Structure formats: structure tokens, C-alpha cells
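First the structure, in the form of C-alpha cells, and then the observations on it.
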Amino acid sequence: MSMRTLLVGCGRVGIRVGELLLSEGGVVAGLRRDPSSLPPAFTPITADLSEALQSALPAVDSMVITLTPAVATSCREPLEHLAAALPSLPRRTVFVSSTRVLEGHDSSRPLTESDPARPRSERAHMLLEGEHAARDLFGASILRPAGIYGPGRDRLVRAVLEGRPVEHDRHTNRIHEVDLARAIMALLKAPHPPALLHAVDGAPSTLGEVVTHIAQRLERPVPPRAEPDPGAGTVLDGTALLDLLGPLEVPDFRAGYDEMIAGSPPPLADAP
């Protein structure tokens, strides 16, 4: 029997995962406030998780929760509404959180999945609360991606083209959208998935290194240094992800941004 999967939130990453599931013969339903832009092969479900759902959801084998920031910061109530509408507990659930919950650590050493969350901002506290709720309600595996990039996620490319100041000394971690979708698929299919996984590539870096590389590829000036530039941020160890997936399709930001720039239409490179 084909695996039935409910994609809750179902934005860019959810759609990419859904297309992978369909390619393997799965059945996919996408839950969104407005599902009109979902691919035709997805079963659309219109729902707003900020309120109790008025009708039951279909029974599914697995579930991926990738809520939008506005919903994801609303504590555990949206997940309770989701749980109440499911006729049975999915055998496997993946909750996509963020490495933001580690923001209270410094960059003195690489952090692994064994390091405790240390949120500082309200957003990070809400994400951590969502992780706890997803575990309590669904027994979910928690996936924490770092900065997601890929086609259409070109904030730093735009910063270079527009000459916007950047915190050059800020430590950052990235994951290409392709490998994030692969990580979700691996967690759905693994016989014994890890309870927590950081989705980061093998090249933690400073923002200065990233924008300098982009500027060189675009033959543009390197963006100026923002003031202040305290050199904050974290460094994350991606060993556990590599153990699960093997080699990444996009191993570091250089490969990822080179591909993005090479595949961009001429106006991107010619923008003032």
C-alpha cells in the first residue's frame, strides 16, 4: 500500500518533499490556509490551525509539520488543534523547527545535537515550545535546519547586488533546500530515526565569507561591514546529518550559490 503523508504548512520545503514522495508512489495531502497553489497531484486541505478544525483530517501513515512563522510562534495550540482533528496517530511525524533555538550559545566550539537548546528571543522560545508539543502529541522527530537557501531564497545575493551592509563577523550555518528535503525524507523512512537532527552542511562560515564569495562570482564589490559587527552567531556540527544521508548534494555555500548564480536570469547579474 502506498504511504499516505500529510504535509502541514506545505510551503516551499513541504512541496519539495511532497514531490519526492509522489515520485516514490506515495499519496500526499497538503494542509494550508490557502492550498490553491499546491501542485495538482496533491490533495488540498484548507485549514487554519489557529482555530479548532471543523472536520476530521484523513488518516495518514506519516506527517511533516513545516508551519509558517506566524503559526509556528503561536505556542502549542495549533498542534493541539491538529492532533484533535486526526483520526489516529501517524506512525511517523517530523517537526521542522530551527537552529535558532540554539542562539544563546556562543561560537567558541561547534554545537552538536547533544547540546541543550538555549533560546533568547521570543521566536526561539516559541519554536522550542513547538518542539516539546510535537514530541508530546505525536512522538515527532525534530529537525532543526540552519539558514535555508536555494532557488528563490536569494537574500544574500540581493544584499550583494544592492550593496547593503552585512555583519561580516557573524557566524552562520546553511543548508540547501534540496538537502533539507532529503533529510526530511530520511527521517520519514529510517527504521530508527534520531529524535533530534540538525540540518546543516559541512561548511560553517562567517557572513563575510559568504558575501565575499557571492560578490566575486557576480563581479560586484563586497558589501560594506555593518556597524556594530559583534561577531555573534553559532557554529554547528553537521556530522549526524552526514551519517544519516551520506554526502550532501550541495556540500557547502560555495557550490550552492555558484549554482544559483549560474541558473539566474540575466537581470540578476545586471541589477544595479
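Quick check on residue 175: is it under 14 Å from the mean Cα position of the chain (by Cα), surrounded by fewer than 18 Cβ atoms within 10 Å (Cβ to Cβ) and in contact (Cβ under 8 Å) with a residue 12 or more places away in the chain?
Numbers: under 14 Å from the mean Cα position of the chain (by Cα): yes; surrounded by fewer than 18 Cβ atoms within 10 Å (Cβ to Cβ): no; in contact (Cβ under 8 Å) with a residue 12 or more places away in the chain: yes.
So residue 175 does not fit the description; no.
Could you list, in sequence order, the residues of segment 39-48 that are assigned to a strand (DSSP E or B) and closer than 16 Å to residue 66 by Cα?
44, 45, 46
Out of everything in segment 1-33 that is in a helix (DSSP H, G or I) and basic (Lys, Arg), what residue ends up being nearest to residue 185 (Cα to Cα)?
Only one residue tops the list, namely 16.
Exactly one of these conditions fails for residue 36: (1) in a loop (DSSP other than H, G, I, E, B); (2) among the polar types (S, T, N, Q); (3) surrounded by fewer than 17 Cβ atoms within 10 Å (Cβ to Cβ). Give me its number.
Of (1) in a loop (DSSP other than H, G, I, E, B); (2) among the polar types (S, T, N, Q); (3) surrounded by fewer than 17 Cβ atoms within 10 Å (Cβ to Cβ), only one is false for residue 36: (1).
Tell me, which helices (runs of 4 or more DSSP H) wholly within segment 132-251 include 1 or more residues that are of a type in the set (Val, Ile, Thr) and over 21 Å from residue 113 (Cα atoms)?
Details: elements: 155-162, 177-189, 207-218, 239-245.
Filter on segment 132-251 gives 155-162, 177-189, 207-218.
Return yes when residue 232 is under 18 Å from residue 103 (Cα atoms), modelled with pLDDT under 95 and either out of contact with any strand residue (DSSP E or B) (no Cβ under 6 Å at 6 or more places or on another chain) or surrounded by 19 or more Cβ atoms within 10 Å (Cβ to Cβ) (or both) and no when it is not.
Against the criterion (under 18 Å from residue 103 (Cα atoms), modelled with pLDDT under 95 and either out of contact with any strand residue (DSSP E or B) (no Cβ under 6 Å at 6 or more places or on another chain) or surrounded by 19 or more Cβ atoms within 10 Å (Cβ to Cβ) (or both)), residue 232 qualifies.
Among the listed residues 102, 86, identify the single one that is at pLDDT 95 or above, in contact with a Phe, Trp or Tyr (Cβ under 9 Å, 6 or more places away or on another chain) and crowded, with 16+ Cβ neighbours inside 10 Å.
86
Could you tell me whether any residue of segment 198-215 is of a type outside the set (Asp, Glu), over 25 Å from residue 160 (Cα atoms) and at pLDDT 95 or above?
The answer is yes, given that some residue of segment 198-215 is of a type outside the set (Asp, Glu), over 25 Å from residue 160 (Cα atoms) and at pLDDT 95 or above.
With 118, 155, 92, 144 as the choices, which residue is touching a residue at least 24 places away in the same chain (Cβ under 8 Å) and surrounded by fewer than 22 Cβ atoms within 10 Å (Cβ to Cβ)?
After ruling out the rest, the residue left standing is 92.
Can you tell me which residue is surrounded by the fewest Cβ atoms within 10 Å (Cβ to Cβ) among those in segment 39-57 that are over 22 Å from the mean Cα position of the chain (by Cα) and more than 20 Å from residue 77 (Cα to Cα)?
40
The values are calculated or read from the model by the stated rules, or taken from the named source; none is laboratory data. If you're wondering where the values come from, they're calculated on a predicted model, not measured in any experiment. In this analysis, Cβ positions are derived from the backbone assuming ideal geometry, glycine residues included, and neighbour counts consider all displayed protein chains.
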